[in-house]
Amino acid sequence: MLQMRGITKRFPGVLASDHVNFDVRAGEVHTLLGENGAGKSTLMKILYGLYQQDEGEILLHGKPVKLTSPSHAISQGIGMIHQHFMLVPTLTVAENVALGLKSTRGPLCDLKTVSARITELSKTFGLHVFPDEYIWQLSVGERQRVEIIKALYRDASILILDEPTAVLTPSEVDDIFKIFRRLANDGRGLVFISHKLKEVLELSDRITVLRHGRVTGHTTPAESDRHDLAQLMVGREVKLAPDAHDIKPGKPLLVIDKLSVDGDRGRHAVQGLSLEVKSGEILGIAGISGNGQRELAEAIAGLRTPQAGTITLDGHNTTACKPRQVREKGLSYVPEERMKDGAVGEFDIKENLILLNHNKAPFCSRGFLNFAKITEHCRRLVKEYAVKTPSLETTTSNLSGGNIQKLIMARELDAGPKVLVASQPTRGVDIGAAEYIHKRIAAQRERGTASIVISEDLDEVMALSDRIAVMFDGKIMGIIPRKEATRESIGLLMTGEQQHEEGLRR
Ligand SMILES: Nc1ncnc2c1ncn2[C@@H]1O[C@H](COP(=O)(O)OP(=O)(O)OP(=O)(O)O)[C@@H](O)[C@H]1O
Ligand SMILES: [Mg+2]
């Protein structure tokens, strides 16, 4: 169906694609695998008409094409689900899906038809998307489903899936994989990008590995296991889970008592929730997204005012504090939406790294910024956290997805927090970097930080946590010590079918 030949793309200081050859056959899932910044999204954005290649050609069904814009690519039957959402928050689901559709150009007159088809698609594929809800009301997971519906709606014959599963729960991934498979069996060609090797092995027909913008290998799930893939993409052995430590937790640093928080839809997103995290301890919060995790994290961070209950951070009542005041009491916060809440896209790397302490010594004295100190500090963080960037002055939104996440982790962990709240800390991060981030979070134990790790990735929660709390419908269904936790016991709590009585008393 598609051939990309000798594709080269340069950005200032970066060779993002270096004579890449890539093809897609009808009926297959072809996976692009590679570290953060390897050039996967760039290659796919060229295919989708968002970027133009500097060299090389693209052939569709054997004929050379110049893809000049996404609408042009769509008219050629190419659809893309982006890594970062391209939805308009102030429009409804139906309006977003209708955007750019030929039939609805001009007044959005047949929105009813669009809504009906969305409902139909969402039923067929079990995607649970409601046409009349506004995008800003939706969780990340729900927004992703809208993106998928949008692509399915356009009935693309080549479908580019740039980390579509990063925000889905394990059972949603199972469902969506069945859909992807059905779409491929139907004669479509799918390009799949994921950092989760298990998924890559499950879904792919062929795998192409990219490193530093170059194709460095081809393989298939029959020929490679997880360790082979890790080795192929990183070029060294990768430990897939950090060593478990025994810890001696100290005094409680974060105490949440009967907390209720409203969500954007106005109802109680968090309902009378209580929990405690001690110094040196990591509490994992598992659960399907949309069950109040985001609202809980935002309330702790001072971004959302609770309706009832208290939050106590290191002995201070921070329930009604502003974000900056909570930070001054010792909170570090890694939000689930890195581009919206974690970094300022238009700022450069340096500015984002000192965003929270630019007004303090040693970066500032008597009202003047100390550029030498700032540069030294930022250079160290970029190096330590392996943020791949051509310079410290690079605009943050130009970094690859995983590298933006590493940048935020660097800033938040380096602040030496008393309490850390990290939502989906390794979403979209390659396995080499995930290994590093896990190590750094685990190291917070020795520093005496009380950490909360919110994640939909059960493997991540199980690998990192000392205790695992499961959230469902705004409440904690149970808290299980890691040693007693199994995927099954947590999975049961996640669906709200069972409460862990013993866990609740603990
Ligand atoms: N618009 C842009 N301007 C400048 N540099 C860019 C731009 N887009 C991408 N880059 C650079 O090109 C390189 C490849 O980025 P790309 O987003 O394709 O990586 P990726 O493989 O998708 O990584 P990830 O797994 O983190 O999403 C990176 O070094 C990135 O900083
Ligand atoms: Mg990418």
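One table, with the values for the structure above:
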| item | result |
| --- | --- |
| Ranked by how many other beta carbons lie within 10 Å on average, peptides 36-42, 131-137, 328-334 from highest | 36-42, 328-334, 131-137 |
| Compactness relative to 2.2 N^0.38 Å, alpha carbon Rg of region 2-234 | 1.00 |
| Long-range amide H partners of Val334 with built H, under 5 Å | Val421, Ala422, Ser423 |
| Region 324-417: Rg to Rh, with Rh as the Kirkwood radius over Cα pairs | 0.94 |
| Fewest-first ranking of Ser365, Ser465, using other Cβ atoms within 10 Å as the exposure measure | Ser365, Ser465 |
| Peptide ranges 479-490, 207-218, 430-441 listed from the most packed, as the mean C-beta count within 10 angstrom indicates | 430-441, 207-218, 479-490 |
| Distribution of pairwise C-alpha distances over region 155-260, 5 Å bins, in % | 2, 9, 16, 17, 16, 11, 8, 6, 6, 6, 3, 0 |
| Estimated vicinal HN-Hα couplings, Hz - region 319-325 in sequence order (Karplus 6.51, -1.76, 1.60; Gly, Pro = x) | 3, 9, 6, 7, x, 5, 5 |
| Rg over Rh, two decimals, the chain (C-alpha only, Kirkwood Rh) | 0.96 |
| Ranking of Phe177, Phe192 by count of other Cβ atoms within 10 Å, fewest first | Phe177, Phe192 |
| Packing rank of 397-403, 257-263, where each peptide gets the mean count of other beta carbons within 10 Å, highest leading | 397-403, 257-263 |
| Positive-end residue, the chain charge dipole about Cα centroid, Cβ charges, pick of Ile148, Ala230, Gly6 | Gly6 |
| DSSP beta bridges in region 2-234 [antiparallel fraction, %, rounded to 5] | 55 |
| Value of [θ]222 nm, deg cm²/dmol, for the chain, DSSP H segments ≥ 4, -39500 (n - 2.57) each, nearest 500 | -9500 deg cm²/dmol |
| Point-charge dipole on Cβ atoms (K/R +1, D/E -1) for region 252-505, about Cα centre, debye to 20 | 900 |
| Positive-end residue of Asn370, Gly315, His30, charge dipole of the chain with Cβ unit charges | Asn370 |
| Of all DSSP beta bridges in the chain, antiparallel share, percent nearest 5 | 55 |
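Each value in this text was obtained by applying a stated rule to the coordinates, not by laboratory testing. Computed from a prediction, not measured in an experiment: that's the story for all the values here. Because the Cβ atoms are built from the backbone with ideal geometry, glycine has one as well, and the counts that use them run over all protein chains shown.
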